[in-house]
Amino acid sequence: MALKRFMFAAFVAFVSSVATIGILGRLSPSPVAPPVAAERRVGRDELARHSGARDCWMAIGGQAYDLTSYLPRHPAPPSVMTRWCGRDATEAFATKGRGRPHSPAARVMLAQYRIGLFTP
């Protein structure tokens, strides 16, 4: 009988604790997100100034990317990519120039080189 009372008391204490946490969570103010800095916008003229193998920016799908450090690691010869430096390479990325899309892994990898929005 004492064990049943203890279990009942433990259950009531647990339910009370959970209810209290829930109530306090709703009463506490929500954290305020830090202000987001304005997104960098890269226009066609700025993109064009980065048109070589030593400074290679491209626009792909409305985003601007600095791919300079990736050029030596790209599996194809450098000329495949350098011809698109300083330009909108959306179609080239989508088709690899041969009608075949890049892999999902390539799309994920591309994200790390993003520098802002491309605004033509």
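Observations
- Restricting attention to region 26-52, the residues that are modelled with pLDDT of 95 or more, in a loop (DSSP other than H, G, I, E, B) and within 20 Å of Ala111 (Cα to Cα) total 1.
- Candidate set: region 83-115, residues that are surrounded by 13 or more Cβ atoms within 10 Å (Cβ to Cβ) and of a type in the set (Ser, Thr, Tyr); chosen: the one nearest to the chain's Cα centre (by Cα): Tyr113
- Subset of region 62-82 that is more than 14 Å from His50 (Cβ to Cβ) and either in a loop (DSSP other than H, G, I, E, B) or touching a residue at least 12 places away in the same chain (Cβ under 8 Å) (or both) - its residue that is most open to solvent (accessible area, probe 1.4 Å): Pro75
- Only one of the numbered conditions (1) in contact (Cβ under 8 Å) with a residue 24 or more places away in the chain; (2) touching a Pro at 6+ places or on another chain (Cβ under 9 Å); (3) of a type in the set (S, T, N, Q) is not met by Thr95, and that is (1).
- In this entry, Phe118 is excluded by the filter for residues that are assigned to a helix (DSSP H, G or I), in contact with a strand residue (DSSP E or B) (Cβ under 6 Å, 6 or more places away or on another chain) and open to solvent by less than 60 Å² (accessible area, probe 1.4 Å).
The values are calculated or read from the model by the stated rules, or taken from the named source; none is laboratory data. Just so it is clear, the structure is predicted and the values come from calculations on it, not from any experiment. Neighbour counts run over all protein chains shown; Cβ positions are idealised from the backbone, glycine included. Please note that ligands, DNA and RNA were not included when accessible areas were found on the heavy atoms of the full protein model with its side chains. Shrake-Rupley method; radii C 1.70, N 1.55, O 1.52, S 1.80 Å.
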